[in-house]
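Below is one structure, written out as structure tokens; the observations come after it.
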Amino acid sequence: MSHQSAEDLGSDGDPAEEAPPDSIRRFDLFGTANFFNFHPWGVTLEYLWERGPEAIERHDRKLVRRLIDGLPPVYERISPESDRRRSTLVLFGLKDRDRTETVYRALLDAGIYGAFRRGAIRIAPHLYNDEAEIDRVLETLERASG
């Protein structure tokens, strides 16, 4: 924006599109940069780097396995059975879609956030979760399925 004048700011065109094709200005985004997010983004990257991708994957897989192994028998798993094919997304539900949605609402009421998609509940454990939180999910599912 330091190269733009008041006249440029008042025009209808995109300053990046009006820049010569061999100018770096063509990559400028019009608007103020969001420097407020830069520091949190940097801290997040440092946090992830310190833990390492392998450790994060082990942690995530451990939580996913705990969730899948602990699902009450009334729930049908939709996620792949094989650990090699599975992501951190765990999808499950009851045969009755309406009851599944009721269970999802019980999770929300307990402060457990996931997603309800196409008749299934989706929970995605990650680095910021721990075993106690997975146990809380399982306890809530047990109570809600009655």
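The values are calculated or read from the model by the stated rules, or taken from the named source; none is laboratory data. Because the structure is a prediction, the values reported are computed rather than measured. Glycine also receives a Cβ, built like all others from the backbone with ideal geometry; neighbour counts cover every protein chain displayed.
Observations, loosely collected:
- Of all the listed residues (THR88, THR100), the sole one being at pLDDT below 90 and either in the same structural domain as PRO72 (by TED's automatic domain parsing) or exposed (fewer than 14 other Cβ atoms within 10 Å of the Cβ) (or both) is THR88.
- When the test is whether a residue is exposed (fewer than 15 other Cβ atoms within 10 Å of the Cβ), modelled with pLDDT of 95 or more and within 16 Å of GLY146 (Cα to Cα), ARG105 passes it.
- VAL74 being out of contact with any Pro (no Cβ under 8 Å at 6 or more places or on another chain) and at pLDDT below 95: yes
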